[in-house]
Amino acid sequence: MTLRWEAFLDRVQERGEYETHEEAERAARVVLALLGAHLVGGERAELAARLPETMALILLNPLQAVEPLSPERFVRATAAWIEGAGEQTARWDVGAVLSVAADAAGEDLTRRILLQLPPGYDVLFGGHPKST
């Protein structure tokens, strides 16, 4: 089932403890664009089908990563794209967005997505370091 735009942003805002939908949306756009560059094939399309249309289009953007980023480099890349974000803030942003995406994807699709990514992404999809 596809998440509605408001429901998606509400969940990201809640998990990321953002004050506004704008902050949640900015994090979601950056994280999903970076994730989309790492996914291919059916898993990418399946995840897009479960996200709000705007986020699905960002995920499906035709940009492809030259090489897969390690989880640490993914967080650093996120920090570079979000104004004022440091590595700790970016890790929080990534956890908020990817945990909501994982909820939308369901367990089976999330497992298949993780198989496409370098080891260690399971922690990023699981939420925040604070909760572990």
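The values are calculated or read from the model by the stated rules, or taken from the named source; none is laboratory data. Note that the structure is a prediction, hence the values are computed from the model and not measured. Please note: Cβ atoms are built from the backbone with ideal geometry, for glycine as well, and neighbour counts cover all protein chains shown. Accessible surface areas use protein heavy atoms only, side chains included; no ligands, DNA or RNA. Shrake-Rupley method; radii C 1.70, N 1.55, O 1.52, S 1.80 Å.
Quick notes on this structure:
- Odd one out for residue 46, checked against (1) open to solvent by less than 20 Å² (accessible area, probe 1.4 Å); (2) in contact (Cβ under 8 Å) with a residue 24 or more places away in the chain: (1)
Conditions (1) out of contact with any Gly (no Cβ under 7 Å at 6 or more places or on another chain); (2) more than 23 Å from residue 120 (Cβ to Cβ); (3) open to solvent by 80 Å² or more (accessible area, probe 1.4 Å), marked per residue:
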{"site": "9", "(1), (2), (3)": "yes, yes, no"}
{"site": "31", "(1), (2), (3)": "yes, no, no"}
{"site": "57", "(1), (2), (3)": "yes, yes, yes"}
{"site": "81", "(1), (2), (3)": "yes, no, yes"}
{"site": "91", "(1), (2), (3)": "yes, no, no"}
{"site": "95", "(1), (2), (3)": "no, no, no"}
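- Of the residues making up segment 17-29, those that are modelled with pLDDT of 95 or more, open to solvent by less than 50 Å² (accessible area, probe 1.4 Å) and assigned to a helix (DSSP H, G or I) are 24, 25, 27, 28.
- Selection within segment 59-71 - touching a residue at least 24 places away in the same chain (Cβ under 8 Å), open to solvent by 50 Å² or more (accessible area, probe 1.4 Å) and not aliphatic (A, V, I, L, M): 61, 64, 68
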